[in-house]
Structure formats: structure tokens, C-alpha cells
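Asks: Mind looking over this structure? Questions follow.
Every read-out reported here was derived from the displayed coordinates using simple, explicitly stated rules and does not represent laboratory data. This one's a predicted model, so the numbers in the text were calculated from it and none came from an experiment. All Cβ positions, glycine included, derive from the backbone under ideal geometry; neighbour counts span all protein chains shown.
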Amino acid sequence: MLAKRIIPCLDVDNSNGRARVIKGVKFFDHVDAGDPVEQAEFYDREKADELVFYDITASHEGRGIMADVVRQVADRVFMPITVGGGIRTLDDATRLIQAGAEKVSINSAAVKRPELLAEISRKFGRCATVLGCDANRVRKSDGSEFWEVFVNGGRVGTGIEVVSWARRAESLGAGEIVLNVMNADGTKAGYDLEMTARVSEAVSIPVVASGGAGSPDDIYKVLTTGKADAALAASIFHFREHSVTAVKSYLSERGVSVRVA
């Protein structure tokens, strides 16, 4: 059995020219959560399995991602790094891989030009190609619910249905999906187990659950009931409410296979 992964996420804002980790609720009302390099070093010591690094304003502001910050982080930690935000071309992805990222996560650009997933996969392999999917439960005019893909940092709806998009991304070459359910993001009220399970069942590649972690039990539920291969969390780790080590101990005691050393 493959070990389940616990992955802290650094949402980084560089809109004022000074990179800072921030955390919000449902993509808004952000508060400062520290220096990205210092946070990365902390999680490396905590034995996190991976680190996800999102430049959350790059797509919205139409600028490139902070390759220099990625390089600083990669130089100081040993865990794998996934980087996303502002990646629009194969050259962008190449620059980040060269800066030290093991994987690149594509969201807005993949929706606008799905072939980008195939291009990255051909050059770097499926293992380096991640679909970042910002998903939202949207109520339609007839009262029915629609699971919609959003882009530009969660600001723009696309009309694309989440599960079908996950399947298409896999067919194009994505080797992993980070499913960030916006309705749950930052609420600490638990992951969206239903949506996570549906996406996990629809594809054969790993699914990383994101959005809503408030306790070790929330992570346990999304890895079991939600059928996720990994759990991403931010608030509970950044503000030291729970540690990666404590979460792994909780999971191990309940029979979930995790890397503890």
C-alpha cells in the first residue's frame, strides 16, 4: 500500500514586491502567515512529504511566477516542491523545474489551452505535471447544483464541470490533481468529502485533497472516506494549531499508512 502524503501549502503573495505567505477564507480576507523560506524550512524539519507553493496573484495580475523565491526554497529544503500560479507556457514550466521544482501545477493556463498539459508531460513526464483545480459548488437558476472549475485565483467561473475536467486532464498527460474546493477553503470545517471521492473515483492518477482542514480527523476522513491519495493543508499548520508530526501519528494510530521517519 502506498503511503498517504501530508502536504503543507504556501500561498504566496508578491503583489507589493515582498513575498509573504498568506492565508484566507474561501480565497479572500487574507492574513499574513510568515516568510515563505522560513516556513518551508520549518516544514522540512517537520518531515512533511512535499510542499506546494502557489503564487496566488500571478495569474490575476498577469505576471510571471517568483522563480527566485522558488530557488531560495529549493536550495534550503530536501522535500519535493510543487509550484503553481502564473505558469502560461512550457518555457515558464521549464524555468521553474530548473529553479528546483519537482512538479509544476497548472490551473488557469490549462483551461485556456489544455495542450499545455500535454506539452509539459512530454518534456518532463507525467510525474512532474499537475492539474491544479479550483472547484466551487455553484447553485444554478433551477436550484440544481453544479461543480464548476474556476480560474484566475478563484475569481472567474468557466462553466466547466469538475469531474469531466479531471478526466480530460488525465487524458492529456496530468499525473496528479490538486483539488481545491473553494467553498471549504480556509474554513477549517472539513474537506468536501463527496467531491473529493467523486474525482478520485473518476481518475486513475493521485488526487490531493485541498480546502477545509481543521483537525487531524478531517485529514483522516478525506484520506479514507474521501479516497484522496494526499491531504494538503495550510491554516492548521501555519499557525501551529497542529503539527505535521502529530497528524501523521494520529493517522498511523488509525491504520493509515504514512511515512513517519
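Asks: Can you sort L232, L172 by how many other beta carbons sit within 10 Å, fewest first?
Replies: Final ranking by Cβ density, sparse to dense: L172, L232.
Asks: Direction-averaged shadow area of the convex hull around the Cα atoms of the range 199-260, nm²?
Replies: If you wrap the Cα atoms of the range 199-260 in a convex hull and average its projections, you get 4.2 nm².
Asks: Across the range 221-228, in residue order, what do the Karplus-derived ³J(HN,Hα) couplings come to in whole Hz, using 6.51 cos²θ - 1.76 cosθ + 1.60 with θ = phi - 60° and x for Gly and Pro?
Replies: Once θ is set to phi - 60°, the couplings for the range 221-228 become 5, 6, 7, 10, 4, x, 6, 6 Hz.
Asks: FRET efficiency for R137 and S257, Cβ-Cβ distance as r, R0 = 45 Å, nearest 0.05?
Replies: Efficiency for this residue pair is about 0.90.
Asks: Treating cross-link reach as a plain straight distance, find the lysines whose alpha-carbon is under 20 Å from the alpha-carbon of K188, omitting any fewer than eight places away in the same chain.
Replies: Filter leaves K23, K26, K221, K227, K248.
Asks: Taking 8 Å as the Cα distance limit and 6 or more residues as the minimum spacing, I'd like the relative contact order of the range 142-261 as a percentage.
Replies: Relative contact order comes out at 19 percent.
Asks: Report the percentage of all Cα-Cα pairs in the chain whose separation exceeds 24 Å, rounded to a whole percent.
Replies: In whole percent, the long-distance tail amounts to 42.
Asks: Kirkwood hydrodynamic radius for the range 81-131: how many Å is it when counted over pairs of different Cα atoms? Spell out each step's value before the answer.
Replies: Details: mean 1/r = 0.0970 Å⁻¹.
Here the Kirkwood hydrodynamic radius works out to 10.3 Å.
Asks: Report, as a whole number in µm² per second, the diffusion coefficient that Stokes-Einstein gives for the range 118-261 at 25 °C and 0.890 mPa s using the Kirkwood radius over alpha carbon pairs. Write out the running numbers ahead of the final one.
Replies: Values: Rh = 15.8 Å.
The diffusion coefficient I find is 155 µm²/s.
Asks: For the chain, what is the relative contact order in percent, using Cα pairs closer than 8 Å and at least 6 residues apart in sequence?
Replies: 19 percent
Asks: If exposed chymotrypsin sites (Phe, Trp or Tyr not before Pro) are those in a DSSP loop with at most 13 other Cβ within 10 Å, what is the longest stretch of the chain that has none? Walk me through the numbers before you get to the answer.
Replies: Values: sites that count: F78, F239.
Result, exposed sites excluded: 79-238.
Asks: Which one, A184, A246, A234, has the greatest fluctuation when you compute a Gaussian network model over the chain with C-alpha springs under 10 angstrom?
Replies: Most flexible of the set in this elastic network: A246.
Asks: Another question about this same structure. Spin-label point model (7 Å from Cα, Cβ direction): what's the A202 to K112 distance in nm?
Replies: With each label point 7 Å from Cα toward Cβ, the separation is 2.3 nm.
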